[in-house]
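The values are calculated or read from the model by the stated rules, or taken from the named source; none is laboratory data. Please read these numbers as outputs of a predicted model, since none were measured by experiment. As a convention, Cβ positions derive from the backbone with ideal geometry for all residues, glycine included, and neighbour counts pool all protein chains shown.
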Amino acid sequence: MLTKCLTVTLGVFALAGCQKNVEPAQPPYKVELTTKDLMQHSIDPSAGIIWGASGYVVDEHGTTDLSPKTPEGWAVVENNAAIVAELSNTLMLPGRSPEEPKWNTYAVQLHDAAMASMRAAQQRDRAGLLRTGGDIYAACTACHKYYVLREK
Ligand code: HEC
């Protein structure tokens, strides 16, 4: 079919016309990691880096600011926020997602919180990083509450 089209040398327009009938190829992605793997090896470690660079620790030594102190430190937080944001999309892939609207709501909630966290890191906004880190945590726990703990 395509060969036939190609032999008709009517140029780009004819070719475009022929290609209209071609089914879009299924992307060859592989959902090999389980949701548990994704949580344990990807989402949790990256979120941990964001949380570990947010807020303060108050103890007998006084108050320690956990915020990054160097441009490289901020870049690590920014990178990991981007990772969490994009991983939240992979939670919704067919083959991983339970295909329920609630699941997508929580995954998108995580996405938006991680993007806000990325912007806070870009702006060196310490309070914003703490706040958006809290929003990320809220998205994690909302989904876990429903899908892991099965609380309605
Ligand atoms: C859209 C739903 C959803 C979101 C959002 C989500 N999780 Fe999960 N998480 C799950 C499910 C479902 C499991 C249980 C997987 C299993 O055991 O099969 C899980 C399990 C886990 C586990 C346990 C893995 C193990 O070793 O048993 C950790 C840790 C975890 N999540 C961390 C996080 C963190 C951190 C976030 C937020 C940054 C997050 N999750 C966001 C659905 C979600």
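Kindly indicate whether Glu100 is away from the ligand (no atom under 11 Å from the Cβ) and closer than 30 Å to Gln26 by Cβ.
no
Every residue, every condition in (1) modelled with pLDDT of 95 or more; (2) β-branched (Val, Ile, Thr); (3) surrounded by 12 or more Cβ atoms within 10 Å (Cβ to Cβ); (4) within 21 Å of Lys145 (Cβ to Cβ), yes or no:
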| residue | (1), (2), (3), (4) |
| --- | --- |
| Gly55 | no, no, yes, no |
| Ala75 | yes, no, yes, no |
| Ser88 | yes, no, yes, yes |
| Met92 | yes, no, yes, yes |
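Yes or no: the range 120-138 includes at least one residue that is under 11 Å from the mean Cα position of the chain (by Cα), within 13 Å of the ligand (Cβ to nearest atom), surrounded by fewer than 16 Cβ atoms within 10 Å (Cβ to Cβ) and free of Cβ contacts under 8 Å to residues at least 40 places away in the same chain.
No - not one qualifying residue is present in the range 120-138.
Pick from Thr132, Thr63, Thr105: which is farther than 21 Å from Val31 by Cβ and in a helix (DSSP H, G or I)?
Sole residue among the options that is farther than 21 Å from Val31 by Cβ and in a helix (DSSP H, G or I): Thr132.
Being within 12 Å of the ligand (Cβ to nearest atom) and on the phi > 0 side of the Ramachandran plot is the requirement here; does Arg150 meet it?
Considered against the rule, which asks whether it is within 12 Å of the ligand (Cβ to nearest atom) and on the phi > 0 side of the Ramachandran plot, Arg150 comes out as yes.
Scan the range 88-113 residue by residue and report those that are of a type in the set (Asp, Glu) and more than 16 Å from Thr141 (Cβ to Cβ).
Glu99, Glu100
Being within 13 Å of the ligand (Cβ to nearest atom), within 24 Å of Ser117 (Cβ to Cβ) and part of a loop (DSSP other than H, G, I, E, B) is the filter here; which residues of the range 20-53 pass it?
Leu33
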